[in-house]
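Just so it is clear, none of the values below were taken in a lab; they were calculated from the coordinates. All values derive from a computational prediction rather than experimental measurement. Neighbour counts are summed over all protein chains in view; Cβ atoms, including those assigned to glycine, are modelled from backbone coordinates with ideal geometry.
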Ligand code: ADP
């Protein structure tokens with residue numbers, strides 16, 4: 001049985017992430033979508049909310065399991081008997097950091113291989129932070145995230161605007 005891990009912050013999940021999830025899940029028996037719980041990253045959605053949104057989006061993919069992880073990714077992969085880590089590549093700017101991370105991870109855990117999946121050209125510009133920014137400025141994010149994510153994001157931004165500064 002082959003298990004793969006697709007790690008990220010998914011704050012929130014976008015169509016770009018979903019495209020990678022669909023393609024990665026066709027290459028392994030089980031794909032673990034692992035939501036990082038790094039508290040130093042200032043996330044808009046908490047981990048449980050991010051997990052719930054991912055679950056709603058991947059409901060029809062039967063070999064996808066949504067989980068959380070903290071600390072070293074390769075340690076998590078090893079614990080889960082996963083020998084493949086999937087990463088999405090959008091642009092040259094992604095490559096540099098991902099190249100470095102993949103080499104460090106190989107140094108730490110040679111049995112875990114990093115596999116890069118090239119983004120679909122439709123999503124090459126797409127990131128969670130861009131979606132949040134566009135939504136906050138009142139732009140249309142329909143082509144960037146599934147409807148359930150759009151709804152939760154609008155709600156979250158409304159709450160954030162009501163918070164005293
Ligand atoms: P981001 O905030 O950059 O969207 P995440 O940490 O949630 O980042 O990303 C998790 C993984 O998904 C990373 O490997 C990232 O390169 C990949 N990814 C994010 N957006 C896209 C996209 N539009 N197309 C392909 N891969 C993507």
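Quick rundown of the values:
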{"quantity": "For segment 93-165, projected area of the alpha-carbon convex hull averaged over all directions, nm²", "calculated": "7.5 nm²"}
{"quantity": "Residue 107/residue 160 FRET efficiency (R0 45 Å; Cβ-Cβ; nearest 0.05)", "calculated": "0.65"}
{"quantity": "Between helix 15-25 and the chain: long-axis angle, C-alpha atoms, 0 to 90°, nearest 10", "calculated": "20 degrees"}
{"quantity": "Nearest 10 degrees, 0 to 90: helix 147-162 Cα axis against the chain principal axis", "calculated": "60 degrees"}
{"quantity": "Quotient of C-alpha Rg and 2.2 N^0.38 Å, computed over segment 1-62", "calculated": "1.11"}
{"quantity": "Rotationally averaged projected area of the chain (alpha carbon convex hull; nm²)", "calculated": "9.9 nm²"}
{"quantity": "Inverse mean reciprocal Cα-Cα distance (Kirkwood Rh) of segment 16-107, Å", "calculated": "14.4 Å"}
{"quantity": "Between helix 47-57 and the chain: long-axis angle, C-alpha atoms, 0 to 90°, nearest 10", "calculated": "90 degrees"}
